[in-house]
Amino acid sequence: MNIKTRKRLSTVPVAVALAVSLAACGGTAGATSSGRPTDALAGSDQVSLDRYTTKDVTALDKIDTSTLGLITPGTLTVGTLSDAPPNIFIDKSGTFTGYDNELLLTMAGKLKLKVEFKSTDFAALLSQVANKQFDVGSSSISTTDARRKTVGFTNGYDFGYMAVVAKTDAAIKGFKDLKAGTRIAVVQGTVQDDYVTNTLKLEPVRFSDYNTAYANLKNGQVDAWVAPSQQASGQVKPGDGTVIAESVVNTQNFMAYGVNKENQQLIDALNSALDAIIADGTWSKLARQWYPDREIPATWSPGSNAAVVAKG
């Protein structure tokens, strides 16, 4: 595949919605959902409430991008995934795109920085950010206390929710049906891996990427796939013989970009850019574009505590 690194100034046409009518994920019949905050992740390391969000941010005109410690001056080098639509993937033209990456492109534009995306596996991403192979990790990363030991995070740009996917005719109708003996696919190193292992106390079948995990569900090698709801909705298609059986919202943790934890200047700059695109309506437009049927939980909002969400 001829993969375009998409190194350019981030001026992206945006159009978009803020939502989780989770039953509508992927337009798949039979899905059920819980639109309320949940403690589904209690018992794993996912118990930290959102106590890290900053009170406010530095004004954009006060940020000196020459001091951000970038691998390549003037360019954000971003580690991301190629196979997890609608958030992070490579489109038919070979270009990195998806909600997370398009959002980051608009943030970089506020800072007058270029962006160069590079593909990696999720299991390696945080260590690669920590080792300064990438300036930023973009992969719908759920912030957790355990992960903060490895990398730093920006303020949140999205909330978390996960799904259980099964065959259409399977007896598995939701998380309650995942029991000892159930062959449960997860992507290694993800929150879903942690949830199945540490909350459900089950041993999952681990895969390196989303495509392989889903393929193994379709061919019957596993009984269920516990996945980020976003990626489940991007994978499940009519005729696949699969269904998003249940999706559960988790607003105790948020999605954020990973940054080397010693590079507070870059974290601060990205937080400023995030608040700026929230204020000018870009965040709302992109959310509508990539999630037209989703509702935002009333208990969650993006950016700093001072951010005001414009409709866009």
Quiz prompt | Output for segment 124-146, where each listed residue is in contact with a Leu (Cβ under 6 Å, 6 or more places away or on another chain) and charged (D, E, K, R) | solution = Asp135
Practice problem: Say whether the condition of being in contact with a Lys or Arg (Cβ under 8 Å, 6 or more places away or on another chain), in the same structural domain as Asp223 (by TED's automatic domain parsing) and without any contact (Cβ under 8 Å) to a residue 60 or more places away in the chain is met by at least one residue in segment 281-289. | Solution: no
Exercise. Kindly establish whether Ala273 is outside the structural domain of Thr106 (by TED's automatic domain parsing) and either more than 18 Å from Ile88 (Cβ to Cβ) or at pLDDT below 95 (or both).
Key: no
Quiz item: In segment 162-267, which helices (runs of 4 or more DSSP H) lie fully inside it and hold 2 or more residues that are more than 19 Å from Thr120 (Cβ to Cβ)?
Solution: 210-218, 229-235
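Among the residues of segment 213-227, is there at least one that is among the charged types (D, E, K, R) and more than 17 Å from the chain's Cα centre (by Cα)?
yes
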Quiz item: Taking into account only those residues within segment 212-238 that are polar (S, T, N, Q) and touching a helix residue (DSSP H, G or I) at 6+ places or on another chain (Cβ under 8 Å), which is modelled with the highest pLDDT?
Solution: Gln235
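What are the residues in segment 289-312 that are assigned to a loop (DSSP other than H, G, I, E, B) and out of contact with any Gly (no Cβ under 9 Å at 6 or more places or on another chain), if any?
Hits for segment 289-312 are Tyr291, Pro292, Ile296, Ala298, Thr299, Ser304, Asn305, Ala306, Ala307, Val308.
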Exercise. For Ala108, indicate whether it is hydrophobic (A, V, I, L, M, F, W, C) and touching an Asp or Glu at 6+ places or on another chain (Cβ under 6 Å).
Key: no
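The values are calculated or read from the model by the stated rules, or taken from the named source; none is laboratory data. Everything numeric in this text was worked out from a predicted model, so none of it was measured. Glycine also receives a Cβ, built like all others from the backbone with ideal geometry; neighbour counts cover every protein chain displayed.
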